[in-house]
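A single structure is presented below for examination.
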Amino acid sequence: MIFKGKRKLLSVLTAAVMLAGTAGAVVPTAGAAADPVNLISNSTFDTGTKDWAIYKESGGAATLSTTSDGRLAVNISSLGKVNYAVQLYYDIVPLYENATYHMHFEISSSTDRFVEFMIQQNGGKYTAYNWKGLDLTSEPLVMDYEFTMDYETDIMSKLCFNLGIQKTEPDIPQEHTIYLDNVSLELVDDSAVNYEEVGPYKPKIIANQIGYRPNDKKTAVVRADGGDTFKVVNADTKETVYTGTLGAPVTNKSADETDRVADFSEVKEPGTYYISCGSLDDSYPFVIAEKPYEKLMNDSIRMFYLQRCGCEVEDADFGHKACHAEMATVYGTNDKIDVTGGWHDAGDYGRYTVAAAKAVADLMYAYLANPTMFNDKVGIPESGNGTPDILDETRYELEWMLKMQASSGGVYHKVSCATFPGYVMPTAETKPLIVTPISSTATADFCASMALAAEVYADVDAEFAGKCLAAAKKSWDYLQQNPQFNFSNPRDISTGDYGDKTDKDERYWAACQMFRATGDETYLSGISTVSAGLDWSTVGDYGNIALATMKANGKAEDLVAKAKAQLEKAAMTSETIVKGSPYGSPVSLYAWGSNMTIANAGIVLSMQGRQEAADEVLSYLLGRNPLGTCFVTGFGTVAPEAPHHRPSMAVGKAQPGMLVGGVNSALEDSAAKAYCKTEPAAKCYIDNAESYSTNEITIYWNSPLVYLLAVTEAAQHSDPQQTTESTTTTTTTESTTTTTSTSASSETTETTASSSETSSETSKDDPSKLHLGDVNCSGKVDISDAVLLARFVAEQTDANVSAQGKKNADVNKNGNLENDDVTLILKYIAKLVKEF
Ligand code: 9MR
Ligand code: 9MR
Ligand code: ZN
């Protein structure tokens with residue numbers, strides 16, 4: 001096989017590979033740039049120090065701030081022992097060989113002194129590509145000049161000022177301030193740049209890099225001219241086992257290319273193969289095997305073990321002593337509580353309840369969908385104990401979630417330090433842990449997860465199952481007595497927010513799951529429409545899965561039918577998009593964590609008997625995508641090497657078995673902004689550790705991968721007709737929610753779902769009757785009235801209250817709608833007041 005040019009940037013990057021991985025290149029149009037772009041994102045410091053930082057060593061000490069007139073101030077207190085003991089820097093500046101740049105900045109110092117400016121290699125020999133010695137005074141020195149990059153292209157250079165001790169001036173005062181402003185670096189002429197030479201290798205024949213099962217549909221994408229035919233070649237014998245004709249050229253707008261599909265489904269003989277087409281480079285190899293995903297499944301589960309917090313983790317590369325083991329303070333109080341345990345959420349070490357709920361739900365439903373698939377040898381401490389490891393691992397998180405429940409029954413939203421830590425191992429994050437307030441989304445998600453756990457663990461450990469059910473009931477009671485409370489970060493906390501617009505879908509999921517766990521229909525009272533969504537912010541489809549896959553008990557049949565219809569509708573929509581995509585992508589918008597949205601769609605496709613489309617989705621994740629990257633670290637030929645994952649960054653290599661977030665066309669971090677600026681939507685992904693908006697990992701992105709692998713394997717030994725049968729009877733049932741798979745923006749889904757609910761509530765409105773407390777005019781006064789009013793009072797745009805509803809809502813009859821009315825309605829529901 002020829003892998004021409006693969007990972008060509010690696011030699012340049014070795015020392016600093018964890019910073020940039022195989023960064024793609026910004027490829028401006030050749031020639032003098034008409035409208036040069038400033039490559040420095042925060043250049044005027046009007047809104048803070050963002051993207052600038054200080055490196056300190058050898059006794060250097062300094063802090064960064066900005067002045068009231070918008071300059072960057074480096075407040076030096078100790079010069080240290082070397083000139084880079086205090087280094088102000090800005091990371092990831094792309095410099096192309098032979099390109100000409102225009103550099104500008106203004107710099108001054110409260111003490112007359114000499115400093116160095118450089119754009120340098122970030123690692124290796126730290127070669128200075130451009131160097132200036134600067135004599136500073138209190139008058140700003142204006143630097144304004146052009147230079148040509150004479151060295152090999154380096155798209156992740158570092159711009160820096162060495163502000164430590166200078167040998168030539170050993171006696172200057174330690175304490176002084178350096179001011180910087182108006183930094184710009186513009187590419188002004190790239191006519192001599194050979195862009196072919198830079199950027200990650202872009203394969204022209206793209207296949208799933210893991211493999212296919214014998215009877216799967218098997219396709220690859222060819223995106224360059226290699227003639228009309230293609231071959232499947234046995235990688236061991238070099239024998240051509242199949243020759244086929246490429247499909248007609250298809251314009252792929254989101255990837256900005258023309259694609260032809262190579263269908264080789266007829267090849268069924270187990271073995272290792274690659275695709276070849278004319279003179280194009282061969283595809284990366286893949287297997288055809290009965291169980292191609294076994295190792296992938298095991299490592300995807302073991303990933304959770306490696307994310308464990310609060311215990312010693314054993315692993316040759318990523319092991320560590322117990323981290324975050326101290327008591328945490330409840331925000332705004334002096335109370336200390338024990339919330340040790342659970343999994344680190346992602347590339348950061350926060351632990352967030354709503355994120356946890358999605359992850360455990362996926363893992364438990366994966367198990368229920370295919371219990372015999374899961375083994376007891378994933379490589380975790382519980383391996384070999386007779387219980388499938390997926391259940392042992394999930395329980396580790398559930399035990400932590402139980403600790404997050406307050407005595408009131410409400411559940412704390414999250415625990416983390418006040419800010420994100422540096423790129424260190426978890427044991428090195430030692431700042432105080434803070435537990436943030438109870439939220440209704442966390443409480444409802446907790447309720448649902450615990451109700452599901454009660455069912456899943458009943459046979460494994462009845463006592464634990466009972467504990468889960470009791471906790472679920474307690475959180476349910478809390479929810480009934482408390483209106484929606486949407487969490488958002490207090491000012492002094494900047495870790496993951498996991499905020500939400502509404503808790504309607506979380507409450508829906510909790511209700512469905514409680515009904516499923518207890519068979520008690522009253523949990524569903526007041527619910528007439530279904531919610532949608534399978535991510536941390538929209539969870540309605542978990543409720544639908546709960547109803548659609550539970551044993552029929554003759555109750556709530558109407559809602560169960562609606563739930564099935566909603567899943568069917570979601571699957572149909574995804575299937576349509578998959579069929580229109582040469583790469584088998586089920587989404588047309590790519591947002592943060594698109595690989596999760598894509599995996600979610602695959603799950604629903606498989607559940608609804610559309611396994612061929614689900615296989616296409618899996619192949620997208622495993623390499624057959626416009627990036628030609630297998631999105632799971634450590635798998636396939638080309639996988640992310642520089643994930644935004646602190647242990648990987650600290651250790652210097654990618655921890656295996658993690659699904660990265662993937663394509664995100666919104667460019668929400670500086671690396672994505674720098675490297676994907678000119679990329680079409682479906683290619684906005686960068687294997688760069690700084691790119692948290694495309695290359696981070698999370699527990700709730702791995703969990704749908706596990707779930708997708710489980711349903712996919714289950715589909716192999718089930719009759720697809722069986723799965724669809726139950727839903728065909730319900731397709732005529734009206735469903736008022738939309739599907740997540742058409743929209744990568746889950747909040748859009750949320751809005752649509754709740755606005756359709758609002759319209760159905762309005763239709764029940766009978767304007768002629770005053771019914772105090774009945775805010776949603778449903779004919780009775782219950783928690784949903786208090787919730788709706790609370791949201792209305794909080795001016796939530798989607799909280800629509802009809803004219804009659806407003807009259808009904810003024811329960812204290814003072815002519816205003818306010819929180820007092822909400823409280824009074826709640827007291828009425830709790831029977832603390834008899835009438836309004
Ligand atoms: O590491 C953080 C990652 O887990 C989050 O998803 C991301 C967005 O909230 O933020 C990352 O932290 C960055 C922070 O937001 C801004 N300063 C740099 C941090 C590390 O890249
Ligand atoms: O997954 C989250 C994504 O949907 C949001 O758009 C993004 C910005 O708010 O945050 C993501 O969650 C991050 C969390 O805030 C902190 N831990 C890492 C998560 C994944 O990037
Ligand atoms: Zn920890």
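Mind listing just one residue for me: the one in the range 386-429 that is polar (S, T, N, Q) and over 30 Å from Leu479 (Cβ atoms) and, of those, least open to solvent (accessible area, probe 1.4 Å)?
Looking at residues that are polar (S, T, N, Q) and over 30 Å from Leu479 (Cβ atoms), I get Thr387.
If you don't mind, there's one more thing I want to ask. Scan the range 132-155 for residues that are hydroxyl-bearing (Ser, Thr, Tyr) and either open to solvent by 60 Å² or more (accessible area, probe 1.4 Å) or out of contact with any Pro (no Cβ under 9 Å at 6 or more places or on another chain) (or both) and jot them down.
Thr137, Ser138, Tyr145, Thr148, Tyr151
Right, next: Looking only at the range 789-823, which residues are buried (at least 23 other Cβ atoms within 10 Å of the Cβ), within 15 Å of Asn482 (Cβ to Cβ) and among the hydrophobic types (A, V, I, L, M, F, W, C)?
Step one: of the range 789-823, the residues buried (at least 23 other Cβ atoms within 10 Å of the Cβ) are 789-791, 801, 805, 808-809, 811, 821-822.
Pick out the ones that are also within 15 Å of Asn482 (Cβ to Cβ) and you get 789-791, 822.
Selection gives Leu789, Ala790, Val822.
Further question on the same structure: Could you look through the range 300-322, keep only residues that are touching a residue at least 12 places away in the same chain (Cβ under 8 Å), assigned to a loop (DSSP other than H, G, I, E, B) and more than 16 Å from ligand 1 (Cβ to nearest atom), and pick out the one that is least open to solvent (accessible area, probe 1.4 Å)? Please lay out each step first, then the result.
Kept after step one, since they are touching a residue at least 12 places away in the same chain (Cβ under 8 Å), are these residues of the range 300-322: 300-311, 314, 317-318, 320-322.
Narrowing further to those that are assigned to a loop (DSSP other than H, G, I, E, B): 307, 309-311, 314, 317-318, 321-322.
With more than 16 Å from ligand 1 (Cβ to nearest atom) added as a condition, the list becomes 310-311, 314, 317-318, 321-322.
Working: Gly310: 27, Cys311: 28, Glu314: 133, Asp317: 71, Phe318: 7, Lys321: 136, Ala322: 50 Å².
Applying the filter and picking the extreme gives Phe318.
So, Ser283, is that one open to solvent by less than 70 Å² (accessible area, probe 1.4 Å), among the small types (Gly, Ala, Ser) and closer than 30 Å to Cys676 by Cα or not? Don't jump to the end; show me each part of the working.
Working: open to solvent by less than 70 Å² (accessible area, probe 1.4 Å): yes; among the small types (Gly, Ala, Ser): yes; closer than 30 Å to Cys676 by Cα: yes.
When the stated conditions are applied, Ser283 passes them.
Residue-wise test of (1) modelled with pLDDT of 95 or more; (2) acidic (Asp, Glu); (3) within 16 Å of ligand 3 (Cβ to nearest atom); (4) closer than 17 Å to Met596 by Cβ.
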| position | (1), (2), (3), (4) |
| --- | --- |
| Ala654 | yes, no, no, no |
| Ala671 | no, no, no, no |
| Lys683 | yes, no, no, no |
| Glu690 | no, yes, no, no |
| Asn695 | yes, no, no, yes |
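So that you can scan it fast, the table gives a plain yes or no per residue for (1) touching a residue at least 60 places away in the same chain (Cβ under 8 Å); (2) part of a strand (DSSP E or B); (3) out of contact with any Cys (no Cβ under 7 Å at 6 or more places or on another chain):
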| residue | (1), (2), (3) |
| --- | --- |
| Glu139 | no, no, yes |
| Met143 | no, yes, yes |
| Cys160 | yes, yes, yes |
| Tyr201 | yes, no, yes |
| Ala224 | no, no, yes |
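Looking at (1) surrounded by fewer than 24 Cβ atoms within 10 Å (Cβ to Cβ); (2) over 22 Å from Lys564 (Cβ atoms), which is the one condition that is false for Gly609?
(2)
Could you list, in sequence order, the residues of the range 530-568 that are of a type in the set (Gly, Ala, Ser) and under 16 Å from Ile603 (Cα atoms)?
The answer is Ala532, Gly533, Gly540, Gly543, Ala546, Ala548, Ala563, Ala565.
Using the structure shown, decide if Ser265 is closer than 23 Å to Asn625 by Cβ, touching a helix residue (DSSP H, G or I) at 6+ places or on another chain (Cβ under 7 Å) and open to solvent by 10 Å² or more (accessible area, probe 1.4 Å). It would help to see each step written out before you state the result.
Values: closer than 23 Å to Asn625 by Cβ: yes; touching a helix residue (DSSP H, G or I) at 6+ places or on another chain (Cβ under 7 Å): no; open to solvent by 10 Å² or more (accessible area, probe 1.4 Å): yes.
Considered against the rule, which asks whether it is closer than 23 Å to Asn625 by Cβ, touching a helix residue (DSSP H, G or I) at 6+ places or on another chain (Cβ under 7 Å) and open to solvent by 10 Å² or more (accessible area, probe 1.4 Å), Ser265 comes out as no.
Shifting gears a bit: Go through the range 614-667 and count every residue that is crowded, with 24+ Cβ neighbours inside 10 Å, free of Cβ contacts under 8 Å to residues at least 40 places away in the same chain and of a type in the set (A, V, I, L, M, F, W, C).
Residues flagged as crowded, with 24+ Cβ neighbours inside 10 Å, free of Cβ contacts under 8 Å to residues at least 40 places away in the same chain and of a type in the set (A, V, I, L, M, F, W, C) within the range 614-667 amount to 2.
Same structure, new question: Pairs only if they're at least six apart or on different chains, beta carbon under 6 angstrom, first in the range 400-416 and touching a residue at least 40 places away in the same chain (Cβ under 8 Å), second open to solvent by less than 30 Å² (accessible area, probe 1.4 Å) and among the charged types (D, E, K, R); list them, first residue then second.
Val415/Arg351
Please determine whether any residue of the range 424-433 is in contact with a helix residue (DSSP H, G or I) (Cβ under 6 Å, 6 or more places away or on another chain) and within 16 Å of ligand 1 (Cβ to nearest atom).
We begin by selecting, within the range 424-433, every residue in contact with a helix residue (DSSP H, G or I) (Cβ under 6 Å, 6 or more places away or on another chain); these are 424-425.
From what's left, within 16 Å of ligand 1 (Cβ to nearest atom): 424-425.
Among the residues of the range 424-433, at least one is in contact with a helix residue (DSSP H, G or I) (Cβ under 6 Å, 6 or more places away or on another chain) and within 16 Å of ligand 1 (Cβ to nearest atom), which makes the answer yes.
So, of the residues in the range 612-633 that are over 23 Å from Ala714 (Cβ atoms) and in contact with a helix residue (DSSP H, G or I) (Cβ under 7 Å, 6 or more places away or on another chain), which turns out to be farthest from ligand 3 (Cβ to nearest atom)?
Pro626
To continue, here is another question. For the range 21-41, does any single residue satisfy the condition of being within 31 Å of the chain's Cα centre (by Cα), more than 30 Å from Ala654 (Cα to Cα) and at pLDDT 95 or above?
Within the range 21-41, not a single residue is within 31 Å of the chain's Cα centre (by Cα), more than 30 Å from Ala654 (Cα to Cα) and at pLDDT 95 or above.
If Ser488 satisfies every condition in (1) surrounded by fewer than 23 Cβ atoms within 10 Å (Cβ to Cβ); (2) touching a residue at least 12 places away in the same chain (Cβ under 8 Å) but one, which is the exception?
Among (1) surrounded by fewer than 23 Cβ atoms within 10 Å (Cβ to Cβ); (2) touching a residue at least 12 places away in the same chain (Cβ under 8 Å), the lone unmet condition for Ser488 is (2).
On to the next question. Looking at the range 402-442, which of the residues that are part of a helix (DSSP H, G or I) and farther than 30 Å from Val787 by Cα is nearest to ligand 2 (Cβ to nearest atom)?
For the range 402-442, the residue satisfying everything is Pro426.
Follow-up. From the set of residues in the range 670-705 that are in a loop (DSSP other than H, G, I, E, B), open to solvent by 10 Å² or more (accessible area, probe 1.4 Å) and over 15 Å from Ile155 (Cβ atoms), which is farthest from ligand 1 (Cβ to nearest atom)?
Pro680
Still on this structure, I have one more. Quick check on my filter: what residues within the range 203-228 are open to solvent by 20 Å² or more (accessible area, probe 1.4 Å) and out of contact with any helix residue (DSSP H, G or I) (no Cβ under 9 Å at 6 or more places or on another chain)?
So the first thing to find is which residues in the range 203-228 are open to solvent by 20 Å² or more (accessible area, probe 1.4 Å), and the list is 204, 210, 215, 217, 223-225, 227-228.
If the condition is that a residue be open to solvent by 20 Å² or more (accessible area, probe 1.4 Å) and out of contact with any helix residue (DSSP H, G or I) (no Cβ under 9 Å at 6 or more places or on another chain), then Lys204, Arg223, Ala224, Asp225, Gly227, Asp228 are the ones that fit.
So, one more: In the list Leu589, Leu605, which residue meets the criterion of being part of a loop (DSSP other than H, G, I, E, B) and among the aliphatic types (A, V, I, L, M)? Lay out the reasoning, then the answer.
Values: Leu605 fails: part of a loop (DSSP other than H, G, I, E, B).
Just one listed residue meets the conditions, Leu589.
Residue by residue through the range 466-501, note down the ones that are outside any helix (DSSP H, G or I) and away from ligand 2 (no atom under 16 Å from the Cβ).
First, pick out the residues of the range 466-501 that are outside any helix (DSSP H, G or I): 482-501.
Across the range 466-501, the qualifying residues are Asn482, Pro483, Gln484, Phe485, Arg491, Asp492.
The values are calculated or read from the model by the stated rules, or taken from the named source; none is laboratory data. The structure displayed is predicted, hence computed values, not measured ones. Every residue, glycine as well, gets a Cβ built from its backbone with ideal geometry; the counts of neighbours run over all protein chains shown. Surface accessibility is based on the protein's heavy atoms, side chains included, excluding ligands, DNA and RNA. Shrake-Rupley method; radii C 1.70, N 1.55, O 1.52, S 1.80 Å.
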